[in-house]
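Supplied in structure tokens, the structure appears directly below.
Here, each number is a calculation from the coordinates, and none is a lab measurement. This one's a predicted model, so the numbers in the text were calculated from it and none came from an experiment. For neighbour counting, all protein chains shown are included, and Cβ atoms are generated from backbone atoms with ideal geometry for every residue, glycine included.
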Amino acid sequence: MLESFKDLSPVVQALLATCFTWFVTALGAAFVFVKKELDRKILDVMLGFAAGVMIAASYWSLLAPALEMSEGKSLPAWIPAAVGFLLGGVFLRIADRLLPHLHVHSPIEEAEGIKTPWPKSTLLVLAITLHNIPEGLAVGVAFGAAAMGFPSASLAGAIALALGIGIQNFPEGAAVSMPLRRDGMSRLKSFWYGQISGMVEPIAGVVGAMAVVVARPLLPYALSFAAGAMIFVVVEEVIPESQQGNNADLATMGVMVGFTVMMILDVSLG
């Protein structure tokens, strides 16, 4: 099966991998069919775990290969990584300011971005969509990099990244569907809104893979861009949300475990 996967184009590989991460988001959202409310302690640990995965993926799967690819070129090796990383953060900052969204557990009066009359369900979906754009982009860029033949970017490493992103998507799906169910929305509607937040990942994944295949010199910048965007999301949203429920120590341990799991996946498979 892996041999058949290798024969596919990197764009198709990225599409399939991000469809998997979308599927895991849907699995998390489907938790609403089992319970009406998820214990806040469990949710905080899961969010911490997701943050740990994203931090580890940002370095092991994105920044480290970007630095290695830039060695021996006309510019110092750190320049593409630094520029791409900062641009990724700036991009997410602009999206955060403009896109209407609402953080989990926040009242609708605290919605961020451009003010709109949109309902809470839409704003919650858009908040998780902000998380998923850099995640999908990271997976797509990783598969595009693997196709370029760089020693530091392997197909196994790209698959490991997709697995890690998929694992941490489970709590993100639940983080949308469970609050909506608690507010009285039907199970089916709560599930629908929860899973739809992951729909952007295949789109971002295909865009990322196509970009690096078409413009090979941009690859270190693209890898670093995805890393910067993910770190912005972690620091701006995921970790603060995990620390608001009086479970800070447990959430922090979730970060540690998530980082370790992603590091093991990347190092052992990549």
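What is the magnitude of the charge dipole of the range 11-158 about its Cα centre, with +1 placed on the Cβ of each Lys and Arg, -1 on the Cβ of each Asp and Glu, and no other charges, expressed in debye to the nearest 20?
Rounded to the nearest 20 debye, it is 200 debye.
Considering only C-alpha atoms, what is the centroid distance from the range 190-205 to the range 148-178, in Å?
15
Pick out which of L219, L98, L15 has the largest mean-square fluctuation in a Gaussian network model of the chain, springs linking Cα atoms closer than 10 Å.
Residue with maximal mean-square fluctuation among L219, L98, L15: L98.
Between the range 235-270 and the range 68-133, what is the separation of their alpha carbon centroids in Å?
Using only Cα atoms to place each centre, the spacing works out to 19 Å.
Given labels modelled 7 Å from the Cα in the Cβ direction, how far is it in nm from I108 to K6?
Label-label distance for I108 and K6, simple model: 5.4 nm.
While we're here: Determine the gain in length on full extension of the stretch L86-L98; use 0.36 nm per residue of separation and subtract their C-alpha separation, reporting nm with one decimal.
In short, 2.5 nm is gained.
Name the most mobile residue of I167, I42, I231, meaning the one with the largest mean-square fluctuation, in a Gaussian network model of the chain with Cα contacts below 10 Å.
With Cα springs under 10 Å in the chain, the top fluctuation among I167, I42, I231 is at I42.
Which distance in nm do the two modelled labels at R40 and D249 give, with both placed 7 Å along the Cα-to-Cβ direction?
Here the answer is 1.8 nm between the modelled labels.
Here's something else I'd like to know. If r is the Cβ-Cβ distance from K189 to T116 and R0 is 25 Å, what FRET efficiency results, to the nearest 0.05?
E(calc), rounded to 0.05, equals 0.80.
Continuing with this model, one more query. Can you pick out the pairs among K36/K120; K6/K73; K35/K120 whose Cα atoms lie more than 25 Å from each other?
K6/K73
Of the candidates S74, S154, S58, which one comes out as most mobile in a Gaussian network treatment of the chain with C-alpha springs shorter than 10 Å?
Between S74, S154, S58, it is S74 that shows the largest mean-square fluctuation.
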